[in-house]
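**Student:** Let me begin by handing over the structure; questions about it come next.
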Amino acid sequence: MTTEPASPPDGSSFTVRPGRVDDVEDLCRLVGLLAAHLGDQATFRSTPESFARYGFGTRPMFQTLLAIDDGADGSAAIGAVGACVYLADFSTWLGRPGVYILDLIVESTHRGRGIGSALLTEAARRGRARWDADYLILAVDRADHDALRFYRREGFEADDHRCVLIRRGLDDLVDERRAHRPRADGR
């Protein structure tokens, strides 16, 4: 299923389509642009190989959509100018499935054309069709004011009750010896 080409006011057009394994170079480039935009290149470690393995292997862990500039305004087709990486989510609180948007990226020179909105809409459509999704959820860097404004325009609101936490590195946590060791509190 591919969305119809969109025709923004500037006369150009783009198509949103599912990502394929042969798109991993573009996907890695686009997510790398997001890391650079956030000034977080030091922690960005994904590679085309990791995207291929975990997104397009035997048990895909995420779904992708790409926005392809069709060059319909008379210019040559540019290729992938945006991406959305997402996965299934489930809220035990709401008792409903949803879609977790991991990354939404649109190249800075292509913003303002409706590409981000089209990617979100297609992720919502696909989430509804595949998982019966009832909501979209995502995390945004607090310092990315443009992204915050965009998501608010798209109907997202801040959840003041949640704080995103991450634990990097699990080796010591899943170490077989630790799994059988009693905790100090007796549990």
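**Student:** To the nearest 0.05, how large is the calculated FRET efficiency for Arg59 and Arg125 if R₀ is 22 Å and r is the Cβ-Cβ distance?
**Tutor:** The value I calculate is 0.40.
**Student:** Under the rule of at least 5 residues apart or a separate chain, name every residue whose amide H is placed under 5 Å from the amide H of Asp89.
**Tutor:** When sequence neighbours closer than 5 places are left aside, the close amide H contacts are Gly98, Val99, Tyr100.
**Student:** With a 1.4 Å probe and all protein chains kept in place, how much accessible area does Leu104 have, in Å² rounded to the nearest 10?
**Tutor:** 30 Å²
**Student:** Grab the Cα-Cα distance for Phe90 and Leu102, subtract it from 0.36 nm times how many residues apart they are, and report the gain in nm with one decimal.
**Tutor:** So the chain would gain 2.9 nm between Phe90 and Leu102.
**Student:** How much length would be gained if the chain were fully extended between Ala42 and Asp171, taking 0.36 nm per residue of separation minus their Cα-Cα distance, in nm to one decimal?
**Tutor:** Between Ala42 and Asp171, full extension yields 44.3 nm more.
**Student:** Can you pull out the trypsin sites (Lys or Arg not before Pro) in segment 81-143 whose DSSP state is coil and whose Cβ has at most 16 other Cβ atoms within 10 Å? Could the numbers behind the result be given before it?
**Tutor:** Working: sites: Arg111, Arg113, Arg125, Arg126, Arg128, Arg130, Arg142; in loops: Arg111, Arg113, Arg142.
Listed in order of number, the matching sites are Arg111, Arg142.
The values are calculated or read from the model by the stated rules, or taken from the named source; none is laboratory data. This structure is a prediction, so every number in the text was calculated from the model and none was measured. Using ideal geometry, Cβ is built from the backbone for each residue, glycine included, and neighbour counts are taken over all protein chains shown. Side chains are part of the model used for accessible areas, which takes the heavy atoms of the whole protein and leaves out ligands, DNA and RNA. Shrake-Rupley method; radii C 1.70, N 1.55, O 1.52, S 1.80 Å.
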